[in-house]
Each structure stands twice: as structure tokens, then as C-alpha cells.
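Please read the structure below before turning to the comments.
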Amino acid sequence: MSSSCCVLRCCSLTLEAFVPETSSSDSTKHRRRRNNRETEAKRIEEEFFRDPLTLVLHWDYELIQSAATSRISEERRAVVLTRTNFEEVLGVPIAIDGTGRKAAATVHCLLVSYQIADKIIVLSFDTIASSSDMISGACTII
């Protein structure tokens, strides 16, 4: 019996719960934890996007090892949304190429999927050409 099962049984006895009514199998614990995470994620998303007074969009490029194989590095674009006392990672998609148009399309796709494209008031990014170019930079396109 796992240690978490022992703790659950002890708590059930202390709280005078009928032990056979409380399921302590690993699959049940996994399912309940997953449901709790989903419920909490929905609550946080609703709270965060309910009244977005000042949303700041950040993005940056990082070269990291591929999840599929450690021999290959891939460029990823981290997209983060922040406001006072809160930050949310919208995604870390693979950067197909380093152009401003692709960067803008990726960032905009994430904004549309979260339904916040019209609520951003500030853009924050590193000053590489694909982000800050006056004509074809991601910040100009967005």
C-alpha cells in the first residue's frame, strides 16, 4: 500500500468516514487530481480574463533541447501574459522560422484562442530584428 493510501485511510478513520466509501486506488487519485487541476485552471482563467485592466504581452525566443531527442535544439517562442500580481504562460510553441510575420502569427493565434487579442495594452519583447523591425517586425504586425 502506498504512503498516500495509508495517510488517506488514517484521515478517513480520524474523520469517522466509512473507509470502504473512500476509494484510494492510484487511478482514482489520479482522476481526482486531474479533475481538480482542470477545475482550478478554469477558475484561474475566468478570474484572470474577467476584468483585464492592464494586460502586458511578453514574448521571447529561446534555443532549447528538443523533447523528442536531446541531440537537436529547437527555437521556441515563450508567450506570457501579465498584469498586477499575476502572470500566465499562454504557450511555448516551436518557432518555424525567425521572421517577424511568423512570430506575429503565432502570438496572434494564442491571443485569439484565449479571446484577449483586443485587451492587450503593452507589448514587451527582446530587441531582435524579427520582433522590433519597423516594417516587418512582430510588434509592428501585431
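The values are calculated or read from the model by the stated rules, or taken from the named source; none is laboratory data. Model, not experiment: these values are computed from the prediction. Cβ placement follows ideal geometry from the backbone for every residue including glycine, while neighbour counts extend to all protein chains displayed.
Tell me, which helices (runs of 4 or more DSSP H) lie completely within the range 23-142 with 1 or more residues that are at pLDDT 85 or above and buried (at least 16 other Cβ atoms within 10 Å of the Cβ)? Those helices (runs of 4 or more DSSP H) span 100-113. For A104, the test of being more than 16 Å from L123 (Cβ to Cβ) and in contact with a helix residue (DSSP H, G or I) (Cβ under 8 Å, 6 or more places away or on another chain) is failed.
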